[in-house]
1. Any idea which of 67, 60, 19 is modelled with pLDDT of 95 or more and within 30 Å of residue 250 (Cα to Cα)?
2. Scan (1) at pLDDT 95 or above; (2) away from the ligand (no atom under 14 Å from the Cβ); (3) among the small types (Gly, Ala, Ser) for the single condition residue 101 breaks and write down its number.
3. Return the total of residues in segment 54-79 being in contact with a helix residue (DSSP H, G or I) (Cβ under 8 Å, 6 or more places away or on another chain) and under 22 Å from residue 164 (Cβ atoms).
4. When residues of segment 179-208 are filtered for being in contact (Cβ under 8 Å) with a residue 60 or more places away in the chain and more than 18 Å from residue 26 (Cβ to Cβ), how many remain?
5. Considering 50, 81, which residue is more than 15 Å from the ligand (Cβ to nearest atom), under 15 Å from the mean Cα position of the chain (by Cα) and either within 21 Å of residue 16 (Cβ to Cβ) or buried (at least 16 other Cβ atoms within 10 Å of the Cβ) (or both)?
6. Output the number of the condition that residue 190 fails; it satisfies all remaining conditions of (1) surrounded by fewer than 22 Cβ atoms within 10 Å (Cβ to Cβ); (2) in a helix (DSSP H, G or I); (3) not polar (S, T, N, Q).
7. What are the pairs, 6+ residues apart or on separate chains, where a residue within segment 31-42 that is within 17 Å of residue 21 (Cα to Cα) has its Cβ under 6 Å from a residue that is near the ligand (Cβ under 7 Å from one of its atoms) and part of a loop (DSSP other than H, G, I, E, B)?
8. Would you mention how many residues in segment 143-177 are more than 28 Å from residue 62 (Cα to Cα) and part of a helix (DSSP H, G or I)?
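The values are calculated or read from the model by the stated rules, or taken from the named source; none is laboratory data. All values reported here derive from a predicted model rather than from experimental measurement. Using ideal geometry, Cβ is built from the backbone for each residue, glycine included, and neighbour counts are taken over all protein chains shown.
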Amino acid sequence: MTLLSVEGLGIAFGGIKAVHDVSFRVEPGEIVSVIGPNGAGKTTLFNMISGVYQPGAGRVLLEGEDVTGMAPFRLAQRGMSRTFQNLQIFQNMTVLENAIAGFHLQERGTVLADLFNLPSSRRRARQAEAGARELLARVGLERAADREAASLSYGSLKRLEIARALAMRPRVLLLDEPAAGCNAVETEEIDHLIAEVAASGVAILLVEHDMKMVMRISNHIVVLDHGEKIAEGAPAEVSRNPAVIAAYLGTEEAADADG
Ligand SMILES: Nc1ncnc2c1ncn2[C@@H]1O[C@H](COP(=O)(O)OP(=O)(O)OP(=O)(O)O)[C@@H](O)[C@H]1O
């Protein structure tokens, strides 16, 4: 069964269709990217899939289950995690504490146990720490565990955010511009990390402006323009699609005219 199905998703803001009738699928181990010129609707689409916005039309199915508009933490409990374009890292906490924070969404009814510092609560804390250290090793940050997050390079912060999203053991991982603000070396490290996570069977949906990265790591690309899907396919197919070229050239010409 398809892991993530997006069926006819749409939303309008004040009568303007930001996203209209967009459908696609992501299978286990696949990296699917959503691209398109500025304002094409990528972030809005992402926000609908991850429960930040309630779609005006269409459905989101997670292994066949309708999860449309479900709150982000519930989606995370069902196996869909996401990262954000603007880092959501606690800068004044350590790298390890940030990674541990990713485990808290898994917990239920633990407030009383924590309050009384019951053995179950102490055991959970130990498990979370062990899990967090494992994740840090997976993203290459094990030696930075005790550093303040604020002292990390931008690329490391991005990897820390991915580590935290992985704490929920997602089957679907949504990455919003994972390479934004990163230099070439950092982008390559993130490339490898994403490819490795996909190879473990996780379905990855990516919004990214770095076209080279998208072409390198995607199995499948969905192209949006003015809120509509104008093309989809393998990277080589999409990059020579006349409608896609026209959409990108159109924005360059508009930028030239503006400038
Ligand atoms: N909360 C909102 N209220 C009103 N309009 C919005 C809102 N969010 C997005 N829009 C509009 O919806 C359209 C799609 O925007 P969106 O941010 O999804 O595009 P994008 O492809 O992510 O752009 P970028 O590449 O610049 O991040 C734009 O016209 C934008 O102005």
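1. Going through 67, 60, 19 in turn, just one is modelled with pLDDT of 95 or more and within 30 Å of residue 250 (Cα to Cα): 19.
2. Here residue 101 meets the rest and fails (1).
3. So the answer is 6.
4. So the answer is 1.
5. Being more than 15 Å from the ligand (Cβ to nearest atom), under 15 Å from the mean Cα position of the chain (by Cα) and either within 21 Å of residue 16 (Cβ to Cβ) or buried (at least 16 other Cβ atoms within 10 Å of the Cβ) (or both) holds for just one of 50, 81, which is 81.
6. (1)
7. Filtered contacts from segment 31-42: 41/227; 42/36.
8. 9
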